[in-house]
Amino acid sequence: MAHGREKSWYGETAAALAFAGAAVPVVLAAGAPAAAAWHVAIPFALLFATTTLAVRVVILRVRGGGNPQATAATRRAVLAMSIGTLAIIVALTAAGVVSMTMLMAAAPGLATAIVVAARPPAATRLRVGGWSLVAVSTLTAAVVLLTA
């Protein structure tokens with residue numbers, strides 16, 4: 001923030017990871033095991049980071065007349081990050097390293113990021129998109145709470 005980069009992709013991603021990571025000490029302070037803390041933080045970190053970048057795809061398409069190179073690069077980053085982390089979580093779940101809870105909680109956010117990045121809505125629809133992201137966040141919270 002001191003350098004005015006809070007609206008950059010890395011500033012927004014850092015904020016997303018920081019807010020999701022705040023769940024870890026809260027869960028630990030409640031007396032839950034460390035695994036439970038990470039089963040809360042990781043799905044939310046993925047949700048916030050990937051959907052924030054997916055929304056940037058929409059904005060980069062129109063801001064200042066659009067920037068096709070930045071739009072394409074951000075789209076590729078969102079798709080690689082979303083598909084890659086989904087594959088990693090599936091593999092870790094199959095290996096018994098993490099529970100199915102993490103996969104169930106992370107999947108809606110990752111799927112939303114993939115859809116928004118692959119088929120970005122018009123910038124005039126950002127309000128509807130924002131409420132959709134709130135709904136996905138609520139779904140993620142419900143999955144975490146109901147399956148933990």
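Backbone geometry of region 91-96 corresponds, through the Karplus equation with coefficients 6.51, -1.76 and 1.60 at θ = phi - 60°, to 3J(HN,Hα) couplings of 5, 5, 5, 4, 7, x Hz, x marking Gly and Pro.
Helix-only arithmetic for the chain: the sum of -39500 (n - 2.57) across DSSP H runs with n ≥ 4, divided by the residue total, places the mean residue ellipticity at 222 nm at -27000 deg cm²/dmol. Model label sites at Tyr10 and Ala73, defined 7 Å from Cα along the beta-carbon direction, differ in position by 1.2 nm.
The candidate values were (i) 21.1, 64; (ii) 15.9, 51; (iii) 21.7, 69; the one computed from these coordinates for Rg and Dmax of the Cα atoms in Å carries the label (ii).
In this simple spin-label model, placing a label point 7 Å from the Cα along the Cα-to-Cβ direction at both Ser132 and Ala29 gives a separation of 3.6 nm.
The spacing between region 71-142 and region 16-41, judged by their C-alpha centroids, is 20 Å.
Taking amide H atoms as placed 1.01 Å from N in the peptide plane, the amide H of Val98 lies under 5 Å from those of Thr93, each 5 or more residues away in sequence or on another chain. Each Lys and Arg contributes +1 and each Asp and Glu -1, all at the Cβ; summed about the Cα centre of the chain, the dipole is approximately 600 debye.
Every number in this text was worked out from the coordinates using simple rules, so none of it is lab data. Note that this is a predicted model, so its numbers are computed, not measured. Here the Cβ is made from the backbone with ideal geometry for all residues, glycine too, and neighbour counts use every protein chain on show.
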